[in-house]
Amino acid sequence: MLKQIQIILVETTHSGNIGSTARAMKTMGLSHLRLVAPKCEIDEQAIALSAGAEDVLTQTQIFANFNAAIADCDLVIGSSARRRHLQNTLIEPRPCGTIVMNYIATAPEAKIAIVFGRERMGLTNTELLKCRYHLYIPTTPEYSSLNLAMAVQLVSYELRQAWLYNQTQITTMKAKEKRIYPKAADFAYFFQQTEDLYRKLGFIKNTGVMQKLQHLYQRANLDKAELNLLCGMLRTIQKQLETQDKID
């Protein structure tokens, strides 16, 4: 089940951070690393700092952009030090582990993305909007500096602890309790259709409204069938508008 978790690093600038991240992952049983538009190569320093986790580096996937990296993932969790505008979706590492394992329990084939942003500036607001939850590490206010690999290690530890605690329950889940969740690409399509339609209807007049709608739908924990139902509603409304336009 830990193999369903993808650790994603965005625009990493230091190869040593990639190697140290691979080491942090492997110690906790994680093996899938993805890089988004890295600013450095997996070089000798990365291999040296991986300290035996070269297999993680060897199978690392590289993506040109954020959307491509999360497109096949069912649950996307983005790390962020910004708490002010993300209160409704903020989670700490321990509940993050529980959420991830409960998700896998109901969707055994799901892919989970845990995304870590740039070393200096983290994830952009646009990227954060595409994450269902926002992961915050409650460091001391007096000195909150964590390097990238440290953050990955903390989160990976909590993921493993949640897995150890829940593995019995997870393996005995009944098939009827399992759910199929939409992937990030499905949500992206739905959000685009929603925005196009609501702008045409005059309901959305600024980006703030759509951002609030995205937060709302992300928190709803929709499964694939529920998202398909909402997409069907949008298509029906769109057809009615097109019919009305022809009459007019």
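All other residues with a Cβ under 13 Å from the Cβ of residue 152 taken together, and with Lys, Arg as +1 and Asp, Glu as -1, what is their net charge?
+2
With angles folded into 0 to 90 degrees, how steeply does helix 15-27 sit against the dominant principal axis of the chain? Use alpha carbons for both and round to 10.
Helix 15-27 sits roughly 90 degrees off the main axis of the chain.
Would you calculate, for the chain, the mean residue ellipticity at 222 nm contributed by helices, counting each DSSP H stretch of 4 or more residues as -39,500 (n - 2.57) and dividing by all residues, to the nearest 500?
Here the helix-only value at 222 nm equals -16500 deg cm²/dmol.
Take the chain, mark every one of the chymotrypsin sites (Phe, Trp or Tyr not before Pro) that falls in a DSSP loop and has at most 16 other Cβ within 10 Å, then report the longest stretch left between them, sites excluded.
The longest uninterrupted stretch comes out as 1-142.
If the cut-off is a Cα-Cα distance under 20 Å, which aspartates and glutamates reach residue 3, setting aside same-chain residues fewer than 8 apart in sequence?
Partners found: 54, 55, 72, 74, 109, 158.
Could you please state how large a percent of the accessible area of the chain is carbon and sulfur, counting protein chains only and using a 1.4 Å probe?
With neighbouring chains kept in place, the figure for the chain is 53 percent.
Specify the longest stretch of the chain that does not include any exposed loop site, a site being one of the trypsin sites (Lys or Arg not before Pro) with a non-H, G, I, E, B DSSP assignment and at most 10 other Cβ atoms within 10 Å.
1-83
Where only protein heavy atoms count, and the probe is 1.4 Å, what is the accessible area per residue for the chain in Å²?
With the other protein chains kept in place, the chain gives 54 Å² per residue.
How much length is gained on full extension from residue 185 to residue 92, taking 0.36 nm per residue of separation minus their Cα-Cα distance?
30.9 nm
Any idea what angle helix 207-219 forms with the longest principal axis of the chain, computed on alpha-carbon atoms, 0 to 90 degrees, nearest 10?
Roughly 70 degrees between the two axes.
Test of understanding: what is the full-extension gain from residue 233 to residue 64, defined as 0.36 nm times their sequence separation minus their Cα-Cα distance?
Additional length available on full extension: 57.5 nm.
Give 26/224; 205/239; 200/246 a once-over and call out the pairs whose C-alpha atoms are over 20 Å from each other.
Beyond 20 Å between Cα atoms: 26/224; 205/239.
Between residue 157 and residue 201, what is 0.36 nm times their sequence separation minus the Cα-Cα distance? Round to one decimal in nm.
11.1 nm
Treating the angle as unsigned and between 0 and 90°, give the value, to the nearest 10°, between the Cα long axis of helix 93-106 and the longest Cα principal axis of the chain.
Result, in degrees: 60.
The values are calculated or read from the model by the stated rules, or taken from the named source; none is laboratory data. Since the structure is predicted, the reported quantities are computational estimates derived from the model, not experimental observations. Virtual Cβ from ideal backbone geometry, glycine too; neighbours counted across all protein chains shown. Just the protein is used for accessible areas: all its heavy atoms, side chains included, with ligands, DNA and RNA removed. Shrake-Rupley method; radii C 1.70, N 1.55, O 1.52, S 1.80 Å.
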